[in-house]
């Protein structure tokens, strides 16, 4: 690999982390005078925006957080004309790490669900489609976004392993580790679900 290309790749990974570390949910909520870290679940992700600020703002935060994962995984490798599989993984993981441990917020960020979904969409759209379907079904039946995220975190790596895992074992392993990270970041939600204290998402009209 040419030294100049090596520097470009390092810059791409660093840029992916910085892009991922932009706290979209926190910034969106602040425009409405709400500090997500002191409201609702205290999380800066789209679900807390949805619950504390409103549906339209929650959807916007969800889209922007997903874009933070999709752009590094799908666009960056093509801009550098590098082998897309491993560079997509490296940039995507950096973006998820940025969202989960943002340098701007003392490395205390969100759970990484939307950013992970965006990254995976750029690499394995079929598996992500099944994960989104599982999330939507779970959310519709239970109204718990956290439970939907946990189910999706299981479905996506499982679907990828079945469909493409034999030909891309490294990607399958990374997807499985990302699923475990998402579940780990939901450990407090799992505790609230077990105690019956988790707040459901209202699917009807906002007040």
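Where a number appears in this text, it was derived from the coordinates with a stated rule and is not lab data. Since this is a predicted model, take the numbers as computed values, not measurements. Heads up, the Cβs are rebuilt from the backbone with ideal geometry, glycines too, and the neighbour counts pull from every protein chain shown.
Considering the chain as a Gaussian network with a 10 Å cut-off on Cα pairs, which listed residue, 30, 55, 111, attains the greatest mean-square fluctuation? Residue with maximal mean-square fluctuation among 30, 55, 111: 30. Label-to-label distance, residue 55 versus residue 170, with points set 7 angstrom from Cα along the beta-carbon direction: 4.4 nm. Ranked by the mean number of other Cβ atoms within 10 Å of their residues, highest first, the peptides 31-41, 15-25 fall in the order 15-25, 31-41.
The modelled label-to-label distance between residue 108 and residue 8, using points 7 Å beyond Cα along the C-beta direction, is 4.0 nm.
Computed on the Cα atoms alone, the convex hull of the range 7-48 gives a volume of 66 cubic angstrom per residue.
Packing here is the average count of other Cβ atoms within 10 Å per residue, and on that basis the peptides 86-97, 150-161, 180-191, highest first, run 86-97, 150-161, 180-191. Helix 125-142 versus the longest principal axis of the chain: what angle, 0 to 90°, nearest 10, using Cα atoms? So the helix axis and the longest Cα principal axis differ by about 10 degrees. Over the chain, DSSP H runs of length four or greater, each weighted -39,500 (n - 2.57), average out per residue to a 222 nm ellipticity of -22000 deg cm²/dmol. For the chain, the longest principal axis of the alpha carbon atoms and the long axis of helix 113-123 meet at an angle near 30°.
If the chain linking residue 192 and residue 136 were pulled fully straight, counting 0.36 nm for each residue of separation and taking away their Cα-Cα distance, it would gain 18.1 nm. Relative contact order of the chain, taken over Cα pairs closer than 8 Å and 6 or more residues apart, is 18 percent. Can you compute log10 of I(q)/I(0) for the range 51-125 with the Debye formula, treating each Cα as one identical point scatterer, at q = 0.20, 0.23 Å⁻¹? Here log10 of I(q) over I(0) equals -0.80, -0.96. Each part gets one Cα centre, and for the range 1-69 versus the range 118-176 those centres are 20 Å apart.
Computed over the chain, the P(r) tail beyond 25 angstrom holds 36 percent of alpha carbon pairs.
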